[in-house]
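One structure below.
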Amino acid sequence: MNILVIEDNQPSAFLLASLCQGNGREVSVANTMAQAREKLTGARFELIFLDLGLTDSTPKESIAAISELKTLAQVVVITTGYENPSLRESAKDADAFLLKDDPNFADRVMSYLDGL
């Protein structure tokens with residue numbers, strides 16, 4: 001399984017990529033939406049973790065870009081901070097929505113991966 005992590009925060013990107021690696025999973029990281037566009041046009045991914053707080057894209061633009069460029073990938077939206085209804089609304093078509101500051105974030109990521 002090929003996974004793309006789109007996350008501009010280096011420690012968060014590293015953590016998520018580390019959680020995803022193994023069991024035949026290959027992980028690529030994009031730190032900007034521009035990098036993500038390049039990776040999505042050059043490779044096929046089955047799963048995309050998308051941070052809605054990218055510095056070069058609004059949540060709406062990020063979701064639109066992924067919708068435009070993805071093939072059959074499942075999209076898991078990740079974000080920090082309190083549960084913001086407008087972020088949830090912009091991510092309504094995602095397959096899952098995870099809060100990075102949830103104390104059980106790593107367990108939720110692993111549970112999601114185990115369910116695939």
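Only the coordinates and a few stated rules stand behind these numbers; no lab work does. Here the structure is a predicted model, which means the values were calculated and not measured.
When the chain is treated as a GNM with alpha-carbon contacts under 10 Å, the residue of S18, S57, S67 showing the greatest mean-square fluctuation is S18. Distant-in-sequence amide contacts of E26, defined by a placed amide H-H separation under 5 Å and a gap of 5 or more residues or a different chain, comprise N2, I3.
How big is D for the stretch 18-116, in µm² s⁻¹ as a whole number, if Stokes-Einstein is applied with the Kirkwood radius of its Cα pairs at 20 °C and 1.002 mPa s?
Diffusion coefficient, whole number: 153 µm²/s.
Report the relative contact order of the chain, percent, no decimals, based on alpha-carbon pairs under 8 angstrom and at least 6 residues apart. Rounded, it is 24 percent for the chain.
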